[in-house]
Amino acid sequence: MTSHTYGYTPKEYSKFKEFAWKMLISFGLTYMFFYNGRQNINLVLTQMAEGLGSTTAAMGVVSSALFWCYAFGQLINGRLGAYFGYKRFMMFGVAASAILNVIISFQHSIPVIAVLWGLNGYCQSMVWSNGVGVLNKWWPKEKRGFASGLATAFSGVAQVVTYLTILGCMELNPDWGWRAAFRYPMIPMVLMLIAFAVFFKTKPEDIGLKPFEEIDQEAAQRDAALEKEISKKGYLYPYKVLFSEPKVIVFCLISAIAGVGRYGLLTWIPTYFTESMGLSIKEGIFSAILLPAGQACAMFVFPFITDKVFKGKREPMLALASIVTFIGMLAFPFIKSQAPASLMLLLVGISGMVTGVIWAVAGDMGGRAFSSTIVGILDWAVYMGAAIQASAFGWVKDSFGWPAVFITIGVLYIVMLVLTLLARKMKMTKV
């Protein structure tokens, strides 16, 4: 046995690799269509406001209900998934989200929609941290950047899939208006859930293998010791340890800014094209689709660069992305024609999408023992940022105009740069 078989015989290692890929692909495809039940509202905010007799700023507050509930759901669901069973917990989240979306499509009251959309946010929060936690049980440390990046790439592609799905829904049944966005997209979401149930395995022990052995023996010994501590000290112990680490707190702030940038653009760009450039909803979606396309590209490129070019060092990639995003955001509001604005969105989509790097950092900081918990904490921070922007940017736009929204995002990425330079010198002391 060589170190590259991670403690397995050649036959066992072949089986391990096969199921590691099955787990990653089944999770990624399921999560890709899962966005149909989350991003759909952003593309029909203007239609919903008109149909319900409201304003886009008010609908932004409704949209934020998902982010708030998703954020706090992530804070606890990483641990709850470990307690109740990752796979069962994740499947419930997908099914419940689909049902809530369909129920929303029949509503006429904005407060009722806000409550249901918040519940949907909580159900949506049951999947990501648990999936990444499982991923770390199948992919060793030196391959974790690739695996987390590919999994996150599916979420980037998911946004493109949602844009195209909503366009198809509007063509298929235009009489339903915005309500179509909460009905048809649930069909592929549920179909992928069936495939997920068949192929997803939570750990090597489920297929008769022992856990893999890290090449880094120090990391392996650390994980084993932490697992023993968790079993002795109970449910809240990982939170106590992680929230006492200054580096985790800094990365919570970085994650929150990433949430403002990613979801600030995804939430408001379709509306920007409609209101500021006078495009129809369909034309606006076609232009805005370059944003999630760029975000999807970033998920493939960034983790690869951190693993291969920077040799596992994540902070240099975060610093570079922060600078490019700052420049792009300052330039964007001064672009007045559709094509150049769309191309700028592609660039900013790539540079601003740093969460793929953040999940790799989470795996590095938490290891297998704390992986789902730390991913849940950082994703909580991402969606706290998303929730704040959904509520605040509608007011910023109405009070100061569209340029203020994009300049605010750019300035926050400079703050991210400062925090990244600070985090680069910090070490984990208790994990």
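Readers should treat all values here as calculations from the given coordinates under stated rules, not as data from a laboratory. Bear in mind that the values here come from a model prediction, so they are computed numbers and not experimental data. Positions of Cβ are backbone-derived with ideal geometry, glycine not excepted, and every protein chain shown enters the neighbour counts.
Odds and ends about this structure:
- Cα-only Debye scattering, the range 96-186: base-10 log of I(q)/I(0) at q = 0.18, 0.19, 0.25 Å⁻¹: -0.90, -0.95, -1.22
- Taking 0.36 nm per residue of sequence separation and removing the Cα-Cα distance, the residue 276/residue 427 pair yields an extension gain of 49.8 nm.
- Spatial separation of Cα centroids for the range 276-313 and the range 315-353, in angstrom: 10
- Computed with the Debye formula from one identical point scatterer per Cα of the range 202-267, without solvent, the log10 of I(q)/I(0) at q = 0.12, 0.18 Å⁻¹ comes to -0.57, -0.92.
- Summarising the label geometry, the points placed 7 Å from Cα in the beta-carbon direction at residue 187 and residue 309 lie 4.2 nm from one another.
- A crude spin-label estimate for the pair residue 216 and residue 17, with each label 7 Å from Cα along the Cβ direction, gives 2.2 nm.
- Table column - 3J(HN,Hα) (Hz), the range 133-141, Karplus curve with 6.51, -1.76, 1.60, x for Gly and Pro: x, 5, 3, 6, 8, 10, 10, x, 3
- In sequence order, calculated HN-Hα J values of the range 17-22 (Karplus, 6.51, -1.76, 1.60; Hz; x Gly/Pro): 4, 4, 6, 4, 5, 4
- Calculated on alpha-carbon atoms, Rg and Dmax of the range 1-149 in Å: 19.2, 68
- Extension gain for the segment residue 249 to residue 418, taken as residue separation times 0.36 nm less the Cα-Cα distance, is 59.4 nm to one decimal.
- Computed over the alpha-carbon atoms, the range 135-177 gives an Rg to Rh ratio of 1.34, Rh here being the Kirkwood radius from the mean inverse distance.
- Across the options 198, 357, 13, the greatest Cα extent toward the positive end of the charge dipole of the chain (unit charges at beta carbon of Lys, Arg, Asp, Glu) belongs to 13.
- Gaussian network model of the chain, Cα within-10 Å springs - most flexible of 386, 180, 224: 224
- Between the range 18-78 and the range 136-205, the Cα center-to-center distance that results, in Å: 11
- Highest-fluctuation residue, 74, 295, 217 considered, GNM on the chain with Cα pairs under 10 Å: 217
- Sequence of 186, 344, 416, 317 once ranked by neighbouring C-beta atoms within 10 Å, starting from the fewest: 344, 186, 317, 416
- Binned Cα-Cα distances of the chain, short to long, each 20 Å bin given as a whole percent: 27, 58, 14, 0
- Computed from label points 7 Å out along Cα-Cβ, the spacing between residue 224 and residue 103 is 4.8 nm.
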